[in-house]
Amino acid sequence: MTTAAVGRIVRPDADGLRRAAELLRAGSVVAFPTETVYGLGADAFSAKAVGEIYRLKNRPSWNPLIVHVPGVAAARELAAEWPAHADELAARFWPGPLTLVLRRAPHLPGIGAANDTVAVRVPAHDVALRLLEATGLPLAAPSANRSESISPTTAEHVVRSLPDVPMVLDGGPSSWGIESTVLDLTGAVPRLLRPGALGLRELRDVAGPIALPESETEDGTARPSPGMSRRHYAPRARVVLCTDVRDADRSGLAEPVGVLSFEGFEGTEVLSADPREYAADLYAALHRLDDAGVATILVQEPPRTEDWLAVRDRLSRAAAK
Ligand code: TXA
Ligand code: MG
């Protein structure tokens, strides 16, 4: 890492938080740790600051951002309607890796193409919560990486993906390592928009039935045609999913080939066979494989069960052309 990059990684002590809050109040952007992945934050009320997020990430302007708040009261202020499910889900899962899509309060500017809705969550990370308290602002924050590439789970990942980021608060590795679950509460039935850290079973326990995206079936079988999904969460190397890495046909794969698998299979990177532990290390493993200079990452496909829904979603997007 360059010394310039090191200088921008800041310890989240009182002085670091004060400087970060100053930057944010002045309409600049700051990357900060959350329990899922690192976010690139900006004042959600400032069109200029939010525009800077889109510029730094090279994010398409239609793709809306999640707004981070320190608690339920602050979330309610951003929503025009607060349905009963929001009360129950927030009470059970906030702070935590659940993002709720709600009708947007008129005083909050629309972000991206989300004209009448807002996505909001309370992160379960001490540094994120202290930053939110210090600024007194709702912070719009997508994952702190260039658009389409792998989400960052460490401060070093952030500066490598976004060399021009003004500051990154270093909170160590993210504990969940995969993005929040996004749930749309604007219709009659809660609808899953993005599988994520929080599992469907836990959500159903609180909210009852949940509508899944068309391409996912009830038992959690991921989209039948991974090539159809938009490319996202992708390393530089080409990702190829296979049903068994042990007998995969490697002819035609660009060398060198790295193998990402889980316990029970051979691999260059062998992750846990537990979906939560696997998710926690997935992005770091993809970063390591990229750093090792492999041209192809052969990935052992995880089981087609609901527990693996978020991991399978990310892998299929990483593999999309
Ligand atoms: O864990 C996370 O959610 C991380 C941390 C930093 O909080 N953030 C994150 O943000 O993953 P991002 O921008 O990479 O993903 C946000 C997702 C996108 O799929 C976006 O389309 C969706 O949430 N989203 C945001 N606002 C929305 C809205 N109003 N309606 C529907 N989807 C929305
Ligand atoms: Mg992202």
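Nothing in this text is a laboratory measurement; each read-out follows from the coordinates by a stated rule. Computed from a predicted structure; not experimentally measured. Cβ placement follows ideal geometry from the backbone for every residue including glycine, while neighbour counts extend to all protein chains displayed.
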Please list 3J(HN,Hα) in residue order for the range 98-105, calculated via the Karplus relation 6.51 cos²θ - 1.76 cosθ + 1.60 where θ = phi - 60°; whole Hz, with x for glycine and proline.
10, 10, 9, 9, 10, 5, 7, 5
So, counting K/R as plus one and D/E as minus one, what does the shell of residues with Cβ under 9 Å around THR296 add up to?
+1
Cα gyration tensor of the range 10-119, axes a ≥ b ≥ c as square roots of the eigenvalues: rounded (a/c below 1.5), prolate (a/b > b/c) or oblate?
oblate
Could you check the simple spin-label distance between GLU277 and TRP62, using points 7 Å along Cα→Cβ, in nm with one decimal?
4.2
Going fewest to most other Cβ atoms within 10 Å around each Cβ, PHE32, PHE262, PHE45 line up as PHE45, PHE262, PHE32
Can you show me the helix-derived [θ] at 222 nm for the chain, built from DSSP H runs with n ≥ 4 at -39,500 (n - 2.57) apiece and divided by the number of residues, rounded to the nearest 500.
-9000 deg cm²/dmol
